[in-house]
Amino acid sequence: MAESEALGFVETRGLVAAIEAADAMAKAARVRIKTVGNADAALISVICEGDIAACAAAVDAGKAAAARVGDLVGSNLIARPDADTARLVEERIDVLMPPAGEAAKGTPRPKGRK
């Protein structure tokens, strides 16, 4: 995450709202969807990275999109995340959807996925 200045988070209830939020976030600003993680039974977090202004715009777009089609639970923007925070996001969040290409490289999939 060397070139990232911020992390943006949008948490939804349900997969449809999370996909809609991720799509809106990616289209609204120059950010990279870092991960889509499953926090609990129906809670899904979409996490993006990029510069501060882009992440802020992406989070706003993701919030609006998620609220339009489902349930928005919460959102957050972390400017200049500490290395420990970045490591927490990378290592401790159960990934629901691995980034493109990782599944093809033999990366283990989360439980319940084939």
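Since every read-out is calculated from the coordinates, none of them should be taken as a lab result. In this text, all values refer to a predicted model and were calculated from it rather than measured experimentally. As a convention, Cβ positions derive from the backbone with ideal geometry for all residues, glycine included, and neighbour counts pool all protein chains shown.
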Checklist entry - Where Lys and Arg each count +1 and Asp and Glu each count -1, what net charge lies around Val16 among other residues with Cβ under 13 Å from its Cβ? => result -1
Checklist entry - What does the convex hull of the Cα atoms come to per residue for the range 1-74, in Å³? => result 63 Å³
Checklist outcome for this item: Which residues qualify? For Val73, with a placed amide H closer than 5 Å and at least 5 residues away or on another chain, they are Glu11, Thr12, Arg13
